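Undergrad: Here it is: the structure, laid out below.
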Amino acid sequence: MMNLIELIKKNLREKDKKILLFLDLDKTDEDIITDMVAAGFLNFGSSDSDDKENK
Amino acid sequence: MIKKINKIDNIVSFTFFNWDEMNPYHDANTNDPIDVFNKNNVIFAENGNGKSVLVDIFKSLNGQDIELKKSWYRAETDGQKIKITLENNTEIDFNGLTWSNRSLKNQFLIFDKHFIEKFVHSIGTNYTDTPHRRQQRGRNIVYLGNFAKYNNEIDRINNLKNAINEKNHTFLETEQAKIDGILSKYGITSDELIQKRNKIQKLNKKDFKTKKDKLIKNQIELGKIDRSLKEKSKISALSLLLEVKDTFSLETEFDELGEKKKITINPNELLSFTIAKGVQKTINKIISKKDFIKQGLALLTDKTTDCPFCEQKIKNGEYIQIIKNYQEIFNEHFASEEQKVHTLLLKYRDLLEGLRDLQVPSSNQVNLNQAKQFITIDDELPILTIAKREKVLTNNEINLVLQKEKKILDKISGSSIDQIKTIIENAKTLIKNYNDITKKINTKIVQLKKDSLEGKLVIRKKEIDSKCTQLEEGIFLIENKDNFKKYFETIDINNKNKKVIDSLERIFQILKDRIVEEFNKFVSDYFESISSFVKEISPAMEILDIIGQVTYDRRSSRDPAQCGFCVQYNGKDCSGSLSEGERQVIALSFFFAQLKKDTNKTKLIVLDDPITSFDAGKRKSTAEVIQRETTDFEQLFISTCDPLFRTYCLKQIDKRNFYYIFKTRGSSSIHYVPKKKETIYSSFEDEFKDIEDIQGTNENVVVYGQKLRFCLETKIKEEYFGYSEDNLSSMIEKVTSRKEDFKKLFNNKDTILQIYKYCNTGGLAHYPKDGATSWNELKDKIKQYLDLDL
């Protein structure tokens, strides 16, 4: 049986589909957030960006 | 349809199962198709014998992600093998990783404890809560099918959205607190700051000093306006500054023969004035009269009586007088030249002294100081004196003039007229500059007086106030530009993060709509069937549909979503706390509803102990439902460890074979039970005869204990009552009417009960305390059993 998320996939906007790719519910919220940050969808002022600014 | 499981090698408890070798009745009866599975198959096995391993093999064939582990008793390096023969004699092999043929993929419908765990969820309110809170939180609910999972998915998305939102909020909040701290000192809000974003971005740090200087100036100006407003009388008394007259010019007017003439002082000429030069000059001046005088004199003879000039009578000797008169005329001209030199020298000296002593009007500084209290002076009054070197030069020139004045006919040389001209030009520039500044100051004084009179100072104050405010803001923004830039970047990032949150919100909303849609479809597809099966299996139970509109929404986040059902037992709600049995009833009903709905009847149905928590009534009704609902399907496998359910199944289900799974010589084995004599105890009795050769392990104590109990129960039942006999009156009839047949039973009653008691207690149903002792005890009991020869 499919996940509910799989069922709604085609009804989503393109930009929402991109977010959907990260929603691996076997992962914890923190891991999903980390993936989104790594992919540049989210940013919470990581130390990397601070470093860049300092440079 | 599966015909046979030829081989199971090295799969958990199936250490080395070979269908043909293990089955003792193989080929014994040609009419009894023992070497193939039937359309329906009942498999009985006690716990730990390998029943669930067989179900796992079916799941693996079905394509489910099941790990078929290796046997504990085989070397780790040993490979695994399963060989299955299908009805059309196709063989399917498993090599430890994959199946050679996927024709059975998705062909199984399997009911086991995992089905229950997966598809039936009883969600109850927390019983430790107060009734009021439980009431507030909503009702209990039973999720069926995927709806617990769907509900969990929606919760996860919502929680993820909230987690990101909170993280994003905290992220902004940290920067916001910093900015609010900075802004509070200046008195503007962060919203106002955001409106100034473009302005801030254009600000240049290099302008900081300029703005600061301007601010200080304006603040001073403001102070002065304040004073002006307070001391109006002093403003009206302010005097204008005097300008310095520029009198330094070699051009001068000179009165000559009654005519005023413009003349340029030539110091060199003046200083070099001598008698010769004076005479020459005089002659030059009277030269126009020279011919007149000459002609007049030529007319003079000794006889001349009348003067040729004035026609008066001339007396002898008077010619001398004429000449004298002429000299007088000459002298007069000479004196005039000399006087002119004197005059011009004096003018020149005045000019030089003026240059030397050049200075500002003494009242100007006083007036200026008074005005300064009220107006801002951009340029101070300049120093108005010539340079020291120039003063020395000028003094030297003055000395030359003085010298000449004393001795007017002496030739004096050494004039520095060229340098003096330069000094004059410099002085003129100084005076012009001084006067320009004076004019500016005077303009301001005049304007101030005018503004004061006309009451414009208040407006002026407001203008400067406004300028100061703008400058202060500019300075503040430049000073904190880096902080503001970071804040704006944080806002941008925050807004970008919000787009992800918005996406999650949209997904969340769509999921909410979809779950309702799916639930309505589920209700339409299954509810009626489920409800009917529940009633049939357990008449005291009832499953109820949602009353009213289905919705995902809940009164609090801890409420269950309303995409579920209500279950009652004897009219009482038990949705929130289903017992194992109730849960199993619902799960089985859902499974049967799925079978009913499934149009693909080529599938194989597997039910692994579907009645674990059922009472006798439910076991019987379950067997009936199984028989009815699986008839149209290709093949059925029911496995159970429950003797009563086994009995019901064997009675209810037609076209069936019956199998035991036992551990034989260290491996689980599937044993076919012939229809005519549905026991395999005689094969176990053969094993008992070789009991001394069998290792007395803890596991064998359990296995052979089970076999001993099985032999005792089934042999007595089959030999004395008949296997299918379960009618009490018929059994009593047999005992009372055929006493002879039961003689051996009566005579050995104590031994039989002793062995049976030992099998049911004494640790045989469980693992023994002491392997060696138990094995020896068991062997004694087995020998006793064989000696009975029942």
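The values are calculated or read from the model by the stated rules, or taken from the named source; none is laboratory data. Remember, predicted model here, so these are calculated numbers, not experimental data. Positions of Cβ are generated from backbone atoms using ideal geometry, with glycine treated the same way; all protein chains shown enter the neighbour counts. Heads up: the accessible areas ignore ligands, DNA and RNA and are worked out on the full protein's heavy atoms, side chains in. Shrake-Rupley method; radii C 1.70, N 1.55, O 1.52, S 1.80 Å.
Undergrad: B:SER589 - would you say it is within 27 Å of B:PHE58 (Cβ to Cβ), among the small types (Gly, Ala, Ser) and open to solvent by 20 Å² or more (accessible area, probe 1.4 Å)?
TA: No, not satisfied.
Undergrad: Assuming B:VAL625 fulfils every condition listed in (1) of a type in the set (A, V, I, L, M, F, W, C); (2) more than 29 Å from B:THR15 (Cα to Cα); (3) buried (at least 23 other Cβ atoms within 10 Å of the Cβ); (4) touching a residue at least 40 places away in the same chain (Cβ under 8 Å) apart from one, which condition is it?
TA: (3)
Undergrad: Only one of these conditions is not met by B:ASN495: (1) closer than 22 Å to B:GLN195 by Cβ; (2) within 14 Å of another protein chain (Cβ to nearest Cβ); (3) touching a Lys or Arg at 6+ places or on another chain (Cβ under 6 Å). Which number is it?
TA: Status for B:ASN495: all satisfied but (3).
Undergrad: With the condition kept exactly as written, say whether any residue in the range B:536-544 is of a type in the set (A, V, I, L, M), touching a Ser or Thr at 6+ places or on another chain (Cβ under 8 Å), more than 14 Å from chain A (Cβ to nearest Cβ) and assigned to a helix (DSSP H, G or I).
TA: Scanning the range B:536-544, I find at least one residue that is of a type in the set (A, V, I, L, M), touching a Ser or Thr at 6+ places or on another chain (Cβ under 8 Å), more than 14 Å from chain A (Cβ to nearest Cβ) and assigned to a helix (DSSP H, G or I), so the answer is yes.
Undergrad: Continuing with the same structure: Checking B:LEU504 against (1) of a type outside the set (Lys, Arg); (2) within 20 Å of B:LEU172 (Cα to Cα); (3) at pLDDT below 95: exactly one of these is not met. Which one?
TA: Unmet condition: (3).
Undergrad: Can you name every residue in the range B:556-575 that is part of a helix (DSSP H, G or I) and open to solvent by 20 Å² or more (accessible area, probe 1.4 Å)?
TA: None - no residue of the range B:556-575 is part of a helix (DSSP H, G or I) and open to solvent by 20 Å² or more (accessible area, probe 1.4 Å), so the list stays empty.
Undergrad: For the range B:47-62, what are the residues that are in a loop (DSSP other than H, G, I, E, B) and open to solvent by 40 Å² or more (accessible area, probe 1.4 Å)?
TA: B:ASN47, B:GLY48, listed by residue number.
Undergrad: Scan B:ASP492, B:ASP451 and give me the residue that is part of a helix (DSSP H, G or I), farther than 30 Å from B:TYR348 by Cβ and open to solvent by 40 Å² or more (accessible area, probe 1.4 Å).
TA: So the residue among B:ASP492, B:ASP451 that is part of a helix (DSSP H, G or I), farther than 30 Å from B:TYR348 by Cβ and open to solvent by 40 Å² or more (accessible area, probe 1.4 Å) is B:ASP492.
Undergrad: Please work out which residue is most open to solvent (accessible area, probe 1.4 Å), limiting yourself to the range B:422-432 and to residues that are farther than 21 Å from B:SER239 by Cβ and in contact (Cβ under 8 Å) with a residue 24 or more places away in the chain.
TA: B:LYS432
Undergrad: Turning to a different aspect of this structure: Does B:ARG460 count as touching a residue at least 24 places away in the same chain (Cβ under 8 Å), within 30 Å of B:GLN594 (Cβ to Cβ) and open to solvent by 40 Å² or more (accessible area, probe 1.4 Å)?
TA: no
Undergrad: Which residues, taken from the range A:1-46, are at the interface with another protein chain (Cβ under 10 Å from one of its Cβ atoms), open to solvent by 50 Å² or more (accessible area, probe 1.4 Å) and of a type in the set (S, T, N, Q)?
TA: Answer for the range A:1-46, where residues must be at the interface with another protein chain (Cβ under 10 Å from one of its Cβ atoms), open to solvent by 50 Å² or more (accessible area, probe 1.4 Å) and of a type in the set (S, T, N, Q): A:ASN3, A:ASN11, A:THR28.
Undergrad: Is one or more of the residues making up the range B:82-89 crowded, with 19+ Cβ neighbours inside 10 Å and either assigned to a helix (DSSP H, G or I) or without any contact (Cβ under 8 Å) to a residue 24 or more places away in the chain (or both)?
TA: Checked against the condition, which is being crowded, with 19+ Cβ neighbours inside 10 Å and either assigned to a helix (DSSP H, G or I) or without any contact (Cβ under 8 Å) to a residue 24 or more places away in the chain (or both), the range B:82-89 yields no hits at all.
Undergrad: To continue, here is another question. Which residues, counting only those in the range B:385-399, are of a type in the set (A, V, I, L, M) and more than 13 Å from B:LEU352 (Cα to Cα)?
TA: B:ALA387, the sole residue that qualifies.
Undergrad: Filter the range B:249-270 down to residues that are among the hydroxyl-bearing types (Ser, Thr, Tyr) and not in a loop (DSSP other than H, G, I, E, B) and give me whichever is most open to solvent (accessible area, probe 1.4 Å).
TA: B:THR264
Undergrad: When B:ASN218 is evaluated against the numbered criteria (1) buried (at least 17 other Cβ atoms within 10 Å of the Cβ); (2) without any contact (Cβ under 8 Å) to a residue 12 or more places away in the chain, which criterion, by number, is the only one it fails?
TA: (2)
Undergrad: Do you know which of the residues in the range B:164-190 that are within 12 Å of another protein chain (Cβ to nearest Cβ) and open to solvent by less than 30 Å² (accessible area, probe 1.4 Å) is farthest from B:ASN483 (Cα to Cα)?
TA: B:ILE164
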